[in-house]
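Encoded as C-alpha cells, the structure appears first; notes follow it.
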Amino acid sequence: MNAHVVVSFVNKIRAYRFLILSLSIGLVLRIFLSPFFTYYPDFNTNQLWSLDLIRYGFGKFYSIAICDYLPTYLYVLWFFGKIYFFINTKLFFISPEYVYKLPLILADIGNAALIFLISKRYVTSKKALVISLLYNFNPAVIFVSTFWGQSETLVMFFLLASIYFLIRKNSLFSLVFIAIAQTIKPICILALPFYVVYMMSNKMKVKNIILHSMVAIILYILLFLPFNQGDNLFNFIISRNLYTAGFWQFTTLNAFNFWSFVSAVFKGTIDQVLDKQSLFSVSFENWGRIIFFVFYSFIFYSFVKGSKTNKNIIPLLLKSISLGFLTMYLFFTRMHERHIYYGLIFLLLGFSNYSKFEKILLLLSFGIFFTNLIYSYSAASIVNLNMPIWFVALLSIFYLLIFFWFLFRKRLEYPK
C-alpha cells in the first residue's frame, strides 16, 4: 500500500514536472527582480501602514492612518512587517523590497498554478500549461506584483481559488475564498451573481448553499472585527467599503478606458478630471453607473440563458466574469490602471478556444495594459515617458473595441 502511494506520488510529480519547473523559474525571476523599479510612493505608504499596525494595533489603525484598504491586506502588511523587523533586528539586514513584495510574488506563483488547475478542467494539460505560462511570464503581470507591489495579485489568488473550488462543486471553500477576496477589494462582489446561477445550474443543494453562505458572511464580518473601535460593527463595515470606493473622485486614475477617452477628447487631459461634472444634468459618475448596469445586465442575462442550454458552462462562467470585470474597468469612474487586471486574467483562461485573431487581440490587450502601467510610472515621475494625449485616447478606444469584440462574439461558451 505504501509503495503504491509512493509510485502514485512520483507519477503525479512527473505529470506536473513542467509546471513545477515553470513555477520555480517564475519565483526565482520575481525575487531577483523585486528590488528594481519599485513604485516608492505606494511602497513607502505600505511600510508606514505596516509600522502603524505593529505600533498601535488593529483597533486604532484607521483612526491614525489615512488608508483606503480593507482589513485582509492590512493583516498581510502586519505579518510581513513583523518578519521584516525580526530579520533586521535579530539576524541580518535585508532590503524591505524582498520582504514586503514577497506575499504578492507568492500569490503570483499561486495564480499561475491555479490557472493551470482551472484550465485543465476543460482543455488538455499541454494547453493548460501554455495558459499558465502566458500568465507566469507576462510582463504586465510581473510589473504589477514584482515592480509595483500591488495587492491585485493577492485578490486574484483568492478569486481563482474560489473559482477552482466552485467548479469542483465545493461551495463552502468557494464562498469562503471569495469572502476573503472581498475583504481586500470590494469589487469581487461582481462575480457573486454568476456564482449563484452556476450553483443552481449544477443542482447544488440549496440548504448547503445557504449554510455555506452564512459561514462566509460570518468570516467576512470577523475579519473586520479587530479594526472596529466599539462603533456599530455593520456601520463600520459599510463605511470602510464606501471610503475605499470613494477615496478618489476623478473620472479616471491613469486608466485607459471610456472616461480616459472622454476626458482626453473634451478636456485635453486625463489628469484629475472630477467625476462630479455633469452631462445633461447627470454627473459623469452616475453616467458610468448607468452604462455599467446596462452592459453588466446584458452579460448576466446571456449567462443565465447560456446556463440553461449548455451542459458545460465552466468556460461560459469564466468568460462572463471576465466581461463583468472589464465592464467595471471601462465604464465606472475612479478606476485605476491596474483594475483591468481582473478582467484580462479571466479572459486569458479562455485562450485555447480563441481564433488566431482573438489570441492576437488578447495579447494586444496585455500590451496596452503594460503601456498603461508605464504611463502611470511616468505620471508619478518615476520614468521619463512623454506620451501624447491623442495616443492615450487611441489606446483607450482600442480597449473598448477589444471589449466589444469579445462581448458580441458569436459564442460566449466553449465547444462541448
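The values are calculated or read from the model by the stated rules, or taken from the named source; none is laboratory data. Given the structure is predicted, the values throughout are model-derived calculations rather than measurements. As a convention, Cβ positions derive from the backbone with ideal geometry for all residues, glycine included, and neighbour counts pool all protein chains shown.
Of a type in the set (A, V, I, L, M, F, W, C), touching a helix residue (DSSP H, G or I) at 6+ places or on another chain (Cβ under 9 Å) and closer than 22 Å to A191 by Cβ: is that true of L347 in this structure?
Criteria met by L347.
Can you confirm whether segment 146-160 contains a residue that is closer than 23 Å to V304 by Cβ and modelled with pLDDT under 95?
Within segment 146-160, none of the residues are closer than 23 Å to V304 by Cβ and modelled with pLDDT under 95.
Can you find even one residue in segment 226-238 that is surrounded by 14 or more Cβ atoms within 10 Å (Cβ to Cβ), part of a helix (DSSP H, G or I), touching a residue at least 24 places away in the same chain (Cβ under 8 Å) and not hydroxyl-bearing (S, T, Y)?
yes
Just the residues that are hydroxyl-bearing (S, T, Y), surrounded by fewer than 13 Cβ atoms within 10 Å (Cβ to Cβ) and either modelled with pLDDT of 90 or more or touching a Cys at 6+ places or on another chain (Cβ under 9 Å) (or both), please, taken from segment 282-314.
The answer is S297, Y301.
Return the pair list, or none, for Cβ contacts closer than 7 Å from residues in segment 287-303 that are free of Cβ contacts under 8 Å to residues at least 60 places away in the same chain and part of a helix (DSSP H, G or I) to residues that are buried (at least 17 other Cβ atoms within 10 Å of the Cβ) and hydrophobic (A, V, I, L, M, F, W, C), at least 6 apart or on different chains.
G288/W259; G288/F331; G288/F332; I291/F331; F292/M328; F292/F331; F292/F332
Got a sec? Which of S281, S201, S263 is polar (S, T, N, Q), more than 23 Å from the chain's Cα centre (by Cα) and under 25 Å from I389 (Cα atoms)?
After ruling out the rest, the residue left standing is S263.
So G81 fits all but one of (1) more than 27 Å from P186 (Cβ to Cβ); (2) touching a residue at least 24 places away in the same chain (Cβ under 8 Å); (3) more than 21 Å from the chain's Cα centre (by Cα); what number is the exception?
Unmet for G81, out of (1) more than 27 Å from P186 (Cβ to Cβ); (2) touching a residue at least 24 places away in the same chain (Cβ under 8 Å); (3) more than 21 Å from the chain's Cα centre (by Cα): (1).
Looking at L104, is it in contact (Cβ under 8 Å) with a residue 12 or more places away in the chain, closer than 25 Å to H339 by Cα and either touching a strand residue (DSSP E or B) at 6+ places or on another chain (Cβ under 8 Å) or crowded, with 21+ Cβ neighbours inside 10 Å (or both)?
yes
Conditions (1) farther than 22 Å from A191 by Cα; (2) exposed (fewer than 15 other Cβ atoms within 10 Å of the Cβ), marked per residue:
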position: R338; (1), (2): no, no
position: I360; (1), (2): yes, yes
position: S365; (1), (2): no, no
position: N372; (1), (2): yes, no
position: A379; (1), (2): yes, no
position: V392; (1), (2): yes, no
position: Y399; (1), (2): no, no
position: W405; (1), (2): no, yes
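Would a scan of segment 363-371 turn up a residue that is under 21 Å from the mean Cα position of the chain (by Cα), in a loop (DSSP other than H, G, I, E, B) and at pLDDT 90 or above?
The answer is no, given that none of the residues of segment 363-371 is under 21 Å from the mean Cα position of the chain (by Cα), in a loop (DSSP other than H, G, I, E, B) and at pLDDT 90 or above.
In segment 41-72, how many residues are in contact (Cβ under 8 Å) with a residue 60 or more places away in the chain, part of a helix (DSSP H, G or I) and surrounded by fewer than 16 Cβ atoms within 10 Å (Cβ to Cβ)?
Total satisfying the criteria: 3.
When you go through (1) in a helix (DSSP H, G or I); (2) out of contact with any helix residue (DSSP H, G or I) (no Cβ under 8 Å at 6 or more places or on another chain) one by one for Y135, which number turns out not to apply?
Unmet for Y135, out of (1) in a helix (DSSP H, G or I); (2) out of contact with any helix residue (DSSP H, G or I) (no Cβ under 8 Å at 6 or more places or on another chain): (2).
Checking D275 against (1) at pLDDT 90 or above; (2) of a type outside the set (A, V, I, L, M); (3) surrounded by 16 or more Cβ atoms within 10 Å (Cβ to Cβ), which single condition isn't satisfied?
(1)
Can you list residue pairs whose Cβ atoms sit under 8 Å apart, with the first residue in segment 324-347 being closer than 20 Å to G246 by Cβ and the second being in a loop (DSSP other than H, G, I, E, B) and β-branched (V, I, T)? Count only pairs 6 or more apart in sequence or on different chains.
T333/T251; R334/T251
Can you confirm whether A264 is modelled with pLDDT of 90 or more and in contact with an Asp or Glu (Cβ under 8 Å, 6 or more places away or on another chain)?
Criteria not met by A264.
How many residues are touching a helix residue (DSSP H, G or I) at 6+ places or on another chain (Cβ under 6 Å) and of a type in the set (D, E) when one looks only at segment 248-297?
So the count comes out to 1.
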